[in-house]
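Asker: To start, I am sharing the structure in question, which I have written as structure tokens.
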Amino acid sequence: MLNSHRCILLAAAGAQMLLPPQARAASLEETLKIIAAQLHKQGVTCTMARRAMRDAIKSTPHQAVWIVECDEATYRVRLIPRRQALITPIAAGNTSATEGRQVNTAGELATSDPDLAAVASVDRFSDKAGTLLKRSADQRLPGPNEPIDFDAQPLNTLGLSPSGEPVLYYHLDVQSTTPVPVYVLYREGEEEPVEGQLNIIDTLPGDSGYNDFHQIWKVWVPKAYIANTVTNAIELAGSHFKPEKTWPAPLNRCQAE
């Protein structure tokens with residue numbers, strides 16, 4: 001039954017763009033029911049599945065990825081043929097990435113002013129985020145959203161160069177070797193990013209897999225796109241914008257602090 005559910009889901013996901021709006025809405029509703037059934041089968045708490053959005057960036061031809069909003073949490077669900085779905089909580093509580101956002105007359109999310117947005121709390125040296133550098137063990141380390149001075153102890157280390165000369169280098173703690181994505185939006189046919197649009201990231205220090213180094217993804221948006229209409233990775237995943245992984249892979253060191 002699990003495999004048949006996945007086949008139905010993949011077929012529905014591929015056909016949605018070919019359907020008229022009313023039929024597409026019915027198809028998404030059926031998809032939501034199928035994914036909710038998989039959550040329940042694996043014992044994941046989801047009293048009511050509110051919405052499902054296909055993550056076009058993280059999906060592959062053989063593995064569909066969906067963002068599902070439930071009363072208890074929001075989950076990323078990766079459907080893998082002949083295996084259990086991989087389910088990752090990405091937000092707690094009955095909160096939507098679009099909650100509180102205005103909607104324009106076309107039923108689309110209106111642009112958001114970054115200057116009015118809440119400031120994310122970033123704590124690089126919490127027990128969750130740190131490995132060697134934890135404030136619980138060293139009170140010299142900065143607190144959440146405090147400035148970081150890498151020229152001060154314990155964030156630099158004295159060592160020896162290959163020729164035996166003393167060198168001072170930064171202590172960046174232990175991190176994943178896999179860069180995380182940063183999404184940069186471009187209007188179709190243009191060579192420069194959308195002016196005024198902030199880059200979008202979906203991991204912060206303490207999140208699973210966080211890395212200071214980011215793999216740049218170009219996301220192509222329509223010519224009429226207004227800067228900061230999309231402001232987070234969940235909204236981006238629910239859109240029909242076209243992502244393109246840059247290759248050879250340019251990396252951007254994007255330290256969250």
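Throughout, read-outs are computed from the coordinates displayed, never taken from laboratory work. Predicted model only: the values in this text are computed from it and were never measured. Ideal geometry is used to build each Cβ from the backbone, glycine not excepted, and the neighbour counts take in all protein chains shown.
Asker: Using a cut-off of 21 Å between alpha-carbon atoms, which lysines can reach LYS245, once sequence neighbours fewer than 8 places away in the same chain are excluded?
Answerer: LYS58, LYS218, LYS223
Asker: Setting aside same-chain residues fewer than 8 positions from LYS242, which aspartates and glutamates have a Cα under 20 Å from its Cα?
Answerer: ASP55, GLU108, GLU188, GLU190, GLU191, GLU192, GLU195, ASP202
Asker: List the GluC sites (Glu not before Pro) within the range 167-241 that fall in a DSSP loop (any state other than H, G, I, E or B) and whose Cβ has at most 15 other Cβ atoms within 10 Å.
Answerer: Qualifying residues, ordered by number: GLU188, GLU190, GLU191, GLU195.
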